[in-house]
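I have placed the structure first, in the form of structure tokens, so that the comments after it can refer back to it.
Only the coordinates and a few stated rules stand behind these numbers; no lab work does. If you're wondering where the values come from, they're calculated on a predicted model, not measured in any experiment. Backbone-built Cβ (ideal geometry, glycine too); neighbour counts: all protein chains shown.
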Amino acid sequence: MAAQVNIVLLGLGVVGGGVAGALRERADTYSQRVGASLALRRVLVRHLDKERAVKLDPSLLTDDAEEAVSGDVDIVVELLGGEHPAYGLIRDALSRGRYVVTANKEVMAKHGPELLSLAAEKGVDILYEASVGGGIPIISPLKRDLSANEISSVRAIINGTTNYILTRMSRDGLDFATALAQAQQLGYAEADPTNDIDGHDAAYKLAILASLAFHTHIGPDDIRREGISGLAARDFRYARELGYAIKLLAVARREGSSLQVRVHPTLVPEEQLLAKVDGVLNAVQIEGDLSGRVLFQGAGAGSLPTTSAVMADVLDAARAIVQGGRPFPWRYTDEVAIKPLAELVTRYYIRLEVVDRPGVLAGIARAFGDHEVSIASVIQKETDEAAQTAELVIMTHPAREEAVQATAVQVRDLPEVVSIGNLLRVDD
Ligand code: NAP
Ligand code: HSE
């Protein structure tokens, strides 16, 4: 039995700092739980002289990746972020027969199957609980606790930055740019928030969740993605009047033998639990045929919640090293086709700016009728008397995406239509 498990930390930022602090401050507890001491042997950083919240012996720090991973290492904990050099370092660690723990959704979404099979070949594992939902346990429940189910859907709010922005737009009537600036001031959004705002971060996370839920590989390119920058404060007001919240929803749903996988702003009925998940919180709702509906909710980011998830994986890997065996080895077993978004059937919210004169509605209704898109309700909202325009909010009955998009093209070309303000999907 190993008396000591040697750990290398790649990255000492928000999450790495939390993990280094936990390893130091909880050393006795962890060694009792594992049956061996956990020794932090080396920490890879980019800037050796940077001031850090966690004070470590400076001799542990290196900016040389090869030096960081050389020598007697049992577990490599990758907390650098981004695809490169993280992917290469993870591959290298697995190739050398080391366990890997990572919080890196981009690497796992793009290269998960290859890394998992490399780990299996080498008799080790790669664990990635922190890659989705920060402190929310979700990877492990999908791999183990729900594995006896046929899962029919995963619906999730898995980006804290955008959920904060949408909550401020909805509650306080802020426009998108102001809400984003506040998210940046509070440190939620990064200096370059593109990955969050455009839905890439949520798509990486959905790829990971859907791959586990449906036992197949779903890559980021399989996911249809739209971001939140086109939303206006009045969309939230109108949606609320209709009984909906607007969320950046990540959805993976089984339909027959194929899967819908998509991330976009979505109208969610206000009475649903997901509609009430506000601020930086994340939530994942799963429907299993045996378990029924289960909801996981909590802090989707932040140093300590993410440290909780990373350290759980470190402890699992350390136990496997000390006691033998591997923690939840995972295999993709199923082939599932991805359903094109054009075939989606759902209800739609469409906001239009139109010329305010008699007969306008008839032309618009004809365009919907031409594509067999049935209108459920039309509400006339604000009227701009000076410009002689009005705003219409149309809710459809369930319709095919491609028919709705064709309707939108025809409507946009009508002389009485000034613009299509927004076209959003509803997820009842
Ligand atoms: P971060 O604060 O930016 O820290 C990154 C760390 O990696 C820094 O210590 C940086 O060194 C080091 N680093 C980056 N590139 C490097 C390179 N090429 N060579 C050497 N060192 C390098 O990032 P984070 O927020 O801790 O995120 C780490 C990972 O956790 C990411 O995959 C992220 O997606 C994931 N995650 C984060 C959160 C969160 O709340 N922050 C939540 C869930 C998952 P310096 O310090 O010297 O610059
Ligand atoms: N940028 C991510 C978010 C951090 O806002 O949710 C956690 O992955």
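How long are the semi-axes of the equivalent ellipsoid of region 133-195, taking √(5λ) for every eigenvalue λ of the Cα gyration tensor, in whole Å from largest down?
Value: 32, 13, 9 Å, ordered largest first.
Just the C-alpha atoms of region 330-418: what Rg/Rh do they give, with Rh taken as the Kirkwood radius?
Ratio of gyration radius to Kirkwood radius for region 330-418: 1.18.
Treat the chain as a sphere of radius equal to its Kirkwood radius over Cα pairs and apply Stokes-Einstein at 20 °C in a medium of 1.002 mPa s; give the translational diffusion coefficient in µm²/s, rounded to a whole number.
Approximately 92 µm²/s, per Stokes-Einstein.
Which aspartates and glutamates have a Cα lying under 12 Å from the Cα of LYS143, excluding residues fewer than 8 positions away in the same chain?
Straight-line reach from LYS143, under 12 Å: GLU129.
Which three extents, in whole angstrom, do the alpha-carbon atoms of region 1-115 cover along their principal axes, largest first?
Principal extents (largest minus smallest coordinate, Cα): 37, 37, 24 Å.
Can you give the percent of C-alpha pairs in region 139-299 whose distance is more than 24 Å?
When all Cα pairs of region 139-299 are counted, 33 percent exceed 24 Å.
Among the listed pairs LYS55/LYS105; LYS50/LYS105; LYS205/LYS247; LYS247/LYS276, which are separated by more than 19 Å between their Cα atoms?
LYS55/LYS105; LYS50/LYS105
Give the dimensionless ratio obtained when the Cα radius of gyration of region 275-428 is divided by 2.2 N^0.38 Å.
Output field value: 1.63.
What's the magnitude of the charge dipole for region 159-244 around its Cα centre, counting Lys and Arg as +1 and Asp and Glu as -1 at the beta-carbon? Answer in Debye, nearest 20.
340 debye
In the chain, with Lys and Arg counted as +1 and Asp and Glu as -1 at Cβ, which of these residues, THR383, LEU304, ALA210, has the Cα nearest the positive end of the dipole, that is, farthest along it?
LEU304
Charges at C-beta only: +1 for Lys and Arg, -1 for Asp and Glu. How large is the resulting dipole of region 139-299 about its Cα centre, in Debye rounded to 20?
260 debye
I need the peptides 407-416, 139-148 ranked by packing, meaning the mean over residues of other C-beta atoms within 10 angstrom, with the highest value on top.
Highest to lowest by the protection proxy: 139-148, 407-416.
Compute the Rg to Rh ratio over region 267-346 from the alpha carbon atoms, using the Kirkwood formula for Rh, and round to two decimal places.
Rounded to two decimals, Rg/Rh equals 1.08.
Percent of Cα-Cα pairs more than 23 Å apart in region 82-234, please.
Summing the P(r) of region 82-234 above 23 Å gives 43 percent of all pairs.
Evaluate the charge dipole of the chain about its Cα centre and quote only its size in Debye, nearest 20, assuming +1 on the Cβ of each Lys and Arg and -1 on the Cβ of each Asp and Glu.
Dipole about the Cα centre, nearest 20: 920 debye.
Which of the helices in the chain meet the span-like rule: DSSP H, Cα axial reach of 18 Å or more, Kyte-Doolittle mean at least -1.0?
Taking the DSSP H segments of the chain (at least 18 Å long, mean hydropathy at least -1.0), we get 105-122, 200-213, 303-323.
Near the amide H of ARG225, under 5 Å away, which other amide H atoms are found, from residues 5 or more places off or on another chain, if H is placed in the peptide plane?
VAL263
If each DSSP helix of 4+ residues adds -39,500 (n - 2.57) and the sum is divided by the residues in the chain, what number results at 222 nm, nearest 500 deg cm²/dmol?
Computed ellipticity for the chain at 222 nm equals -10500 deg cm²/dmol.
Run through every distinct alpha carbon pair of region 1-54 and return the Kirkwood hydrodynamic radius in angstroms, one decimal place.
Radius from the Kirkwood sum: 11.9 Å.
Where the centroid of each part is defined by its Cα atoms, how far is region 395-428 from region 273-324 in Å?
Each part's Cα centre sits 37 Å from the other's.
Out of all DSSP beta bridges in region 139-299, what portion is antiparallel? Express it as a percent rounded to 5.
95 percent
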